[in-house]
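Have a look at the structure below before the remarks.
The values are calculated or read from the model by the stated rules, or taken from the named source; none is laboratory data. Owing to the predicted nature of the structure, the values given are computational and were not obtained by experimental measurement. Note that we place each Cβ from the backbone using ideal geometry, even for glycine, and neighbour counts take in every protein chain shown.
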Amino acid sequence: MDVEVGKCVYRLLCNDGSIIENPRIDGLEVEFLGRLGGVVEIEEESIFRNTRISAGGAALITIKKTHSKGIKNTRIETACPCKFKQLFIDQGCSIEGARFALVNDANLSVSIGKDCMMSSDILFRGADGHTIFDVATGEVLNRSTPIVVGDHVWIGAGATFLKGAQISNNVIVGSNTLLSRKFEEEFVAIAGTPARVVKTEVNWDRARIPEYELAMSRNRHHDNR
């Protein structure tokens, strides 16, 4: 949907298709700052704890129905004099703690795919915040580009996503990884500062190791019957 500059919209999208304006959602605080307004849309049955959205900057913030673990200890910031920001978190995601900083530049975008699992102290920084320019021409050299996270991505504690960071589906991101470029590979583990692919042909599961091994054993037993 389009964002009408100066208008503040906060709504809950219900399962039956109805809409509740300015809802009260446990664990979630929404405030609008500045004059540019914005839109915040949350799907029904999303779960939050200690989460705050400081909306503004003519932003569109969309959070689909979360995983049962919910979104916790998270800050979403879009309010600044620069216009047009977009944050999209697809269905089935969980976050233990993150900061989404979409400020200090225009046309910022962060997109999170389905069934992502994020640990704590994760940073998504949509812009550098200050200008780097060519001395001879004055041309801006560090314009912001979107941050994109694919479906079914596990992000370890302390990871940082800078402008232009993009990763595909079925990826594991190690703790304290610094990402600032595009990775097209699926079924890989990425780690390091700067980030690099450290393992291929891997995937992950939300189950704890004993639970996963038990499920695999049962599946093998069933297949051999």
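Points worth noting:
- Total residues in the range 75-101, condition under 16 Å from VAL40 (Cα atoms), hydrophobic (A, V, I, L, M, F, W, C) and under 11 Å from the mean Cα position of the chain (by Cα): 6
- Tabulated pairs, the range 161-176, first in contact (Cβ under 8 Å) with a residue 12 or more places away in the chain, second assigned to a loop (DSSP other than H, G, I, E, B) and of a type in the set (Phe, Trp, Tyr), C-beta under 6 angstrom, 6+ apart or interchain: ASN170/PHE187; ILE172/TRP204
- No other residue among ARG49, ARG35 is in contact with a Gly (Cβ under 9 Å, 6 or more places away or on another chain), free of Cβ contacts under 8 Å to residues at least 60 places away in the same chain and closer than 19 Å to LYS69 by Cα apart from ARG49.
- Among the residues of the range 61-99, the ones that are farther than 17 Å from ALA157 by Cβ, hydrophobic (A, V, I, L, M, F, W, C) and in contact with a strand residue (DSSP E or B) (Cβ under 6 Å, 6 or more places away or on another chain) come to 7 in all.
- Reported count of residues in the range 5-34, each being in a loop (DSSP other than H, G, I, E, B) and surrounded by 13 or more Cβ atoms within 10 Å (Cβ to Cβ), is 7.
- 1 or more residues surrounded by fewer than 16 Cβ atoms within 10 Å (Cβ to Cβ), at pLDDT 95 or above and of a type outside the set (Ser, Thr, Tyr): qualifying strands (runs of 3 or more DSSP E) within the range 107-172: 122-125
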